[in-house]
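Asker: Below is one structure. I have some questions about it.
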Amino acid sequence: MPFSIINLKYRRMIAVFMDVRSQDKKAEDVEADVLVVGCFEPCGSVPDNLKALDSKAGGEIANHVSKDDFSGERKQWRSICAKGVAPGHIIVLGAGKKDKLDLEGLRKLAGFATRLARDKFSAKSVALQLSELEVKGSSKAERAQAVTEGAVLSDYRFDKYKTVDKDKRKVLESLVILTEEKDAVTKGKTLADCALFCRDLQDECPSNMTPEALAQKAKGLEKLGVKVTVFDKAACKKEGFEALLAVNRGSVNEPRMVVMEYDGKGSKKVALVGKGITFDSGGLDIKPADGMLTMKMDMSGAAVVLSTVKAAAELKLPIKLVGVFGATENMPGQNAYKQGDVVKAYNGKTIEIMHTDAEGRVVLADALSYTEAKLKPDVMIDLATLTGACVVALGSVCAGVMGKHQDIIDQLKSSGNSTGERVWQLPFWQEYHDMVKADFADVRNTGSVKRQAGAITAGTFLSNFVDKVPWAHIDIAGPAWSDKSNDYTGKGGTGFGVRLLIDFLENYK
Ligand code: BES
Ligand code: ZN
Ligand code: ZN
């Protein structure tokens, strides 16, 4: 039937662009399939902001929430479907104890609520009245932003390659955040969208998301006024990116070095540098099958840098920002770089290749030294899925951060705590620097004591390619990817780092 075909197309279109907006309305005036309202534990009676709706609904809400079996504990919920009121279903959602709720808890609650409405209630439209839940030390705007982020992030699916039952899939078409903080909702949506853009890059097949394709994605930022320079293989040779070229030698796909420059006219220039290994097979030190399974995500550092530049440009942050990444596959082709090879990085220092699977730091050696020398930032931060050792140490709960400039690290920690994208500092003592001294070159690309301090020696290795600029290294190997669905992340890329970095940029002085 022509009508249903049009309808289907229309729905698909909306599914891609979920409409997100703020509304400064009372619960009783909200028109949505599902309205979610939060209440703290113990709940006992109807939350104040629902009293008018409750009386319209003939006391139905009071009936549900005053029962003994509803305490308002976190994620406990009751649904009410009452005649004569605007929302189709009203869900009262437990937020747990008041003194336990923080912004991250609110983000997660919003993600949970959105998926509940979409998946259990098949809602096409949902309204969230959650930012009224008090969080100690937070403003209304911060809460509205957190709710928006959690809701938008939770609705993500990477299903472009699914061909069956697509139309049976439950699709949310509109999301309303009930608040008067319109700008905070707009900002939350922009940030979440950029994190989802990052997830798209991470989740894409590695045979499609080649270095060239990733560079093309960076080129897409030109429409936002970002200056993008792409060095192809010939240009990399000319420029002297020998470390990047060495890692690339085992691959048939050519490498790229990419520089993105956003000028928001600030006095300070920040550089973000990312690891862009579009597939890490390990090279000649080939990985076992299990270890290779998720290695399409080894470009997450680059994806985060790209998506953060996009977010900074969209939010028109008043800073100068450069994003740089070296992109290549790490493959064991016939011409692959070998154990024992010595490679010269952009700053002239030589690297003895002890292990071809420690390739990310080799690529970063060029990217970091080029960025400092040519782009002259005031501060430099790199992000990389650099070591399995960092995952062993910290799991996927947070990223590892290290460096010698405590003020930058402290700012990153603080941004991590307010965005929920937390970082944990690892030590950076001289002993760890000594562990990367080489026999046949200046530095070796693995620590000298097997299996010891792997995340840190990767960091101390990188410090050899940073001269004077204040710098911090963030190892995102754990949190960049998720093997299970959480409240606002699914299986796959998480986009971890985009919100963290934007918060850092906003507060950097
Ligand atoms: N890309 C990996 C690190 C990684 C592991 C990221 C798991 C995400 C999840 C990196 O290139 C690597 O293989 N590192 C080696 C270094 C070792 C050979 C010194 C590692 O961590 O095992
Ligand atoms: Zn590797
Ligand atoms: Zn790697």
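The values are calculated or read from the model by the stated rules, or taken from the named source; none is laboratory data. Worth saying up front: this structure is predicted, and the values here are computed from it rather than measured. Ideal geometry is used to build each Cβ from the backbone, glycine not excepted, and the neighbour counts take in all protein chains shown. To get the accessible areas, we keep the full protein, side chains included, count just its heavy atoms, and leave off ligands, DNA and RNA. Shrake-Rupley method; radii C 1.70, N 1.55, O 1.52, S 1.80 Å.
Asker: Nearest 20 debye, what's the magnitude of the dipole of the stretch 5-146 about its Cα centre given +1 on Lys and Arg Cβ and -1 on Asp and Glu Cβ? Don't jump to the answer; show the numbers that get you there.
Answerer: Working: 25 positive and 20 negative charges, 115 e Å.
I would put it at about 560 debye.
Asker: Nearest 0.05, what FRET efficiency do Asn486 and Phe440 give at R0 = 45 Å with Cβ-Cβ as r? Can you show the working numbers first?
Answerer: Numbers: r = 45 Å, r/R0 = 1.01.
That gives a FRET efficiency of 0.50.
Asker: How large a share of the accessible area of the stretch 248-345, in percent, is made up of carbon and sulfur atoms when the probe is 1.4 Å and the other protein chains stay in place? Mind dumping the intermediate values first?
Answerer: Values: 1790 of 3410 Å².
Roughly 53 percent of what the probe reaches on the stretch 248-345 is carbon or sulfur.
Asker: Another question about this same structure. Per residue, how many Å² of accessible area does the chain show with a 1.4 Å probe?
Answerer: Accessible area per residue, the chain: 43 Å².
Asker: Okay, next question. Is it possible to state the helix-based mean residue ellipticity at 222 nm for the chain, with each DSSP H run of 4+ residues giving -39500 (n - 2.57), the sum divided by total residues, to the nearest 500 deg cm²/dmol? What is it? Display every interim value, and only then the final one.
Answerer: Values: 17 runs with 176 residues, N = 509.
Computed ellipticity for the chain at 222 nm equals -10500 deg cm²/dmol.
Asker: How high is the FRET efficiency between Asp410 and Lys83 when r is their beta carbon distance and R₀ equals 45 Å, given to the nearest 0.05?
Answerer: On the way: r = 56 Å, r/R0 = 1.24.
E(calc), rounded to 0.05, equals 0.20.
Asker: Moving to a separate point now. Using only Cα atoms and rounding to the nearest 10 degrees, what angle (0 to 90) does helix 103-115 make with the longest principal axis of the chain?
Answerer: Roughly 70 degrees, rounded to the nearest 10.
Asker: Under unit Cβ charges (Lys, Arg +1; Asp, Glu -1), what dipole magnitude, rounded to 20 debye, does the chain have relative to its Cα centre? Write down the numbers at each step before the final one.
Answerer: Working: 72 positive and 68 negative charges, 156 e Å.
Once rounded to the nearest 20, the dipole reads 740 debye.
Asker: Give me the dipole magnitude in Debye, nearest 20, for the stretch 110-158 about the Cα centre, with unit charges on the beta carbon: positive for Lys and Arg, negative for Asp and Glu.
Answerer: Numbers: 8 positive and 6 negative charges, 37 e Å.
Computed about the Cα centre, the dipole is about 180 debye.
Asker: So for the chain, taking the charge dipole from beta-carbon charges (+1 Lys/Arg, -1 Asp/Glu), which of Thr328, Thr148, Val304 sits furthest toward the positive end?
Answerer: Thr148
Asker: Nearest 5 is fine: what % of DSSP beta bridges in the chain come out antiparallel, could you say? Could you put the intermediate results ahead of the total?
Answerer: Values: 27 of 73 bridges.
Around 35 percent of the beta bridges assigned by DSSP in the chain are antiparallel ones.
Asker: Output needed for the stretch 358-419: three equivalent-ellipsoid semi-axes, defined as square roots of 5 times the C-alpha gyration tensor eigenvalues, in descending order, whole Å.
Answerer: Values: eigenvalues 97, 68, 14 Å².
Result for the stretch 358-419: semi-axes of 22, 18, 8 Å.
Asker: For the stretch 493-505, what does the Karplus curve 6.51 cos²θ - 1.76 cosθ + 1.60, with θ = phi - 60°, yield as ³J(HN,Hα) per residue in whole Hz, taken in order and with x for Gly and Pro?
Answerer: 3J(HN,Hα) across the stretch 493-505, in whole Hz: x, 10, x, 4, x, 5, 5, 4, 5, 5, 4, 4, 5.
Asker: Between the alpha-carbon centers of the stretch 85-137 and the stretch 404-457, tell me the distance in whole angstrom.
Answerer: 39 Å
Asker: Something else about it: Work through the residues other than Lys67 whose Cβ is under 13 Å from its Cβ and net out their charges, Lys, Arg +1 and Asp, Glu -1. Present the calculation step by step, with values, prior to reporting the outcome.
Answerer: Values: positive: Arg78; negative: Glu60, Asp68, Asp69.
Computed value for this residue: -2.
Asker: A further question on this structure: Sort out for me the Cα centre separation of the stretch 187-241 from the stretch 148-176, rounded to whole Å.
Answerer: 24 Å
Asker: Can you give the three extents of the C-alpha atoms in the chain along their principal axes, from longest to shortest, in whole Å?
Answerer: Sorted largest first, the three principal extents are 82, 55, 45 Å.
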